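Each reported figure results from applying straightforward, stated rules to the coordinates on display, with no laboratory input. Only a predicted model underlies this, so the values are computations on that prediction, with no experimental measurement involved. Virtual Cβ from ideal backbone geometry, glycine too; neighbours counted across all protein chains shown.
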Amino acid sequence: MRFLLASLALLIASPVLAQNEDLGTAPPVGGEVETVPTPGDGDEDGGLSVNVSFEGSLDDLQLAIPAFAAERDVATAANAQGTAALGAELARVITADLQNNGLFAPTGPDALPKPNYPQITDPVWNMWRMRGAEMLVQGYVRPRADGKLVVGCYLYDVALNDELARSGWVVPPSDWRRAAHKCADLVYSRLTGESPFFDSRIAYIAETGPKDNRTKRLAIMDSDGANHRFITTGRATALTPRYSPDYRKLMYLSYVDGNPRIYIYDIGTGRQTLVTESSNPTFAPRWSPDGRWVLYSMAVNGNTDIYRVSANGGPSERLTDAPGIDVGGSYSPDGTRIVFESDRSGAQQIYMMNADGSNQRRITFFGGRAATPEWSPRGDQIAFTYIPGDFNIATMSPDGKNFRKLTDGWQDEAPTWAPNGRILQFFRTERNTGRTAIYQVDLTGENLRRLPTPVDASDPAWGPILP
Amino acid sequence: MNSRIAAAIVLSATVSLAACKSPAPEQLPPEPGVSQPTTGGNTGGPGVGTQEHFVRAVNGQNVIYFDTDRYNIDTADAAALQTQAQYMSQYPNITVTIEGHADERGTREYNLALGERRANAAKNYLVSLGIAANRIRTVSYGEERPVATASTPEAWAKNRRAVTVVVN
């Protein structure tokens with residue numbers, strides 16, 4: 001009887017409920033991280049005016065990251081061991097951030113002496129110099145009366161006895177890792193001159209099962225793989241997610257009603273809606289940089305074109321009308337242009353158009369096919385899947401010049417940019433087994449590495465710096 | 001308790017009625033048995049309205065195949081679709097779903113669009129043979145449901161296909 005009632009509940013479920021059937025427990029909505037004044041503020045603030053003493057390669061830099069100090073070891077909701085242990089953990093996360101991206105070879109807290117609280121703003125210069133440290137990252141953690149954590153982060157040039165940068169943040173205990181990423185971003189930005197990227201998240205598709213019966217689930221994680229969560233249960237195939245610029249929504253393709261359709265999943269409510277009320281299949285969802293517009297591709301009688309709709313719903317506007325497959329699309333950072341893929345010439349190539357669909361023109365003429373263009377957040381590059389035979393990741397300028405191939409896999413596809421436009425992620429498929437993994441590579445083609453994920457992984461979509 | 005049992009009986013009747021009438025499956029259709037015609041036992045074979053009956057009647061020609069990045073209906077495809085159209089004419093209550101598929105050597109989103117093209121090419125051919133368009137649903141699975149799992153030209157050829165599946 002229970003079974004019957006359950007069956008009935010499924011049968012009479014409204015379409016709205018039916019489309020939520022593949023959804024698991026909603027993840028928490030992250031709050032904003034508040035930047036606070038740090039002890040020592042009011043001095044010259046250590047901006048770009050201060051010279052850095054080292055020269056040469058960053059991975060030769062002797063960068064020491066000792067445990068963050070706790071004024072007193074007190075309990076916190078962030079862990080079970082108290083703030084002293086959390087201070088070491090913060091330094092470990094910062095060390096891993098800077099190390100795993102291949103940019104630095106830092107020495108982490110487990111091999112270093114532990115500074116006490118007053119020493120955070122007054123480093124023991126001689127001791128660090130004698131240990132061979134050239135740069136020093138120190139910090140502290142203390143709980144506020146409301147339970148939130150205050151984390152301070154300082155970057156020192158040991159050779160010059162000088163402070164290069166500092167900042168402080170207030171985070172809910174559950175978001176303590178974000179403070180570590182913010183500190184890694186501060187160090188990275190100060191030492192490279194590039195924009196930050198560690199404090200960001202990645203949406204992707206988690207894959208399990210044999211090649212001819214693959215389970216594909218929507219999943220999210222922090223940029224370092226922590227805080228991993230599955231959004232869908234795997235009952236229906238999920239593909240091609242995209243975080244909204246404010247991280248409040250995820251767009252992705254699901255077969256939950258038997259047809260490929262784009263859904264907009266609201267992270268706050270854990271519910272989802274169709275991107276457009278149409279019986280036609282929709283795929284390849286994309287946000288505009290300001291989050292106000294959505295691009296999707298829709299097949300009508302077998303012919304696929306790109307459409308634009310307000311993120312709040314309303315009528316859709318068709319942007320392409322070529323008889324070929326027009327698919328995907330990626331906005332320029334200023335939102336005025338869209339780079340997209342079309343086979344109107346006979347094979348997949350990359351085209352440019354204005355945001356209203358006007359002035360469509362082909363920009364790739366390399367030989368071979370070119371697909372899945374993604375405009376860099378910096379605006380200066382377009383990454384794409386280059387298909388001379390095998391599938392590689394490549395970049396070019398928005399005018400189609402300065403072609404550069406970055407990877408040599410058998411099947412590397414679907415690049416996505418780090419928030420600072422210096423690193424690309426993509427997924428690599430293994431020949432025969434069909435196993436997939438997310439990789440990342442620098443814009444220079446250096447530092448190729450595989451991202452650790454709990455199961456196989458594809459379709460990465462890197463979001464912007466967290467608000 | 002009595003009223004609960006009564007409710008259960010009513011519900012069970014509703015469930016079975018709904019199950020009979022519902023034209024669209026709630027779940028994704030199962031993996032289609034492709035070109036192998038089912039050899040029925042000695043019980044008289046599968047009934048009309050089943051995939052087995054259809055596959056046997058069209059002699060395994062419920063699947064058509066395409067060249068790389070193409071969706072045109074060649075002569076072999078046309079012959080298969082004519083056989084399918086004959087079956088659909090003979091059993092006018094039967095509706096079908098045509099699944100469009102692509103091989104793994106394409107980008108994922110393009111392959112979804114390509115699968116749409118292939119499914120619609122097959123549908124349009126059936127319509128040109130007089131089958132009502134509203135009896136044919138299409139769905140693209142892109143490269144998501146390969147039948148041959150090797151990474152070889154032979155396997156890819158088997159995966160570039162449009163599969164006609166009977167909807168009960």
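Couple of notes before you dig in:
- Candidate lysines - alpha carbon under 17 Å from B:K158, same-chain residues fewer than 8 apart omitted: A:K211
- The aspartates and glutamates whose alpha-carbon is closer than 18 Å to the alpha-carbon of A:K148, local same-chain residues fewer than 8 away aside, are A:E32, A:E34, A:E71, A:D73, A:E89, A:D175.
- Report note on the peptides A:83-94, A:277-288: ranked by the mean count of other C-beta atoms within 10 Å, highest first, their order is A:83-94, A:277-288.
- Cα convex hull volume per residue for the range A:115-214 (Å³): 169
- When the helices of chain A are scored as -39500 (n - 2.57) per DSSP H run of n ≥ 4 and the total is divided over every residue, the value at 222 nm lands at -3500 deg cm²/dmol.
- Distance histogram for the range B:43-168 (every C-alpha pair counted, 5 angstrom bins, percent rounded to whole numbers): 2, 12, 22, 23, 18, 12, 7, 2, 0, 0
- Of the peptides A:260-267, A:136-143, the order by per-residue mean of other Cβ atoms within 10 Å, starting with the highest, comes out as A:136-143, A:260-267.
- Counting Cβ atoms of other protein chains within 10 Å of each residue's Cβ and taking the mean over peptide B:99-108 gives 5.
- Gyration tensor (alpha-carbon) shape descriptor, the range A:268-335, a/c threshold 1.5: oblate
- Based on every Cα atom in the protein assembly as shown, Rg and the maximum pairwise Cα distance Dmax equal 28.3, 93 Å.
- Peptide B:113-125 has a mean of 5 when you count, residue by residue, the C-beta atoms of other protein chains within 10 Å of its C-beta.
- Shielding of B:139-151 by partner chains, average beta-carbon count, 10 Å: 5
- Point-charge dipole on Cβ atoms (K/R +1, D/E -1) for the protein assembly as shown, about Cα centre, debye to 20: 2060
- Angstrom value of the Kirkwood radius, inverse mean 1/r, which spans all Cα pairs in the range A:34-192: 15.4
- Whether the range B:59-127 is rounded, prolate or oblate, judged on the alpha carbon gyration tensor where a/c under 1.5 counts as rounded: prolate
- Each principal axis of the range A:306-380 carries a Cα extent, and these read 40, 32, 19 Å when sorted largest first.
- If you wrap the Cα atoms of the range A:193-271 in a convex hull and average its projected area over all directions, you get 6.5 nm².
- Extreme residue, positive dipole direction of the protein assembly as shown, given options A:Y156, A:L424, A:V124 (C-beta unit charges): A:L424
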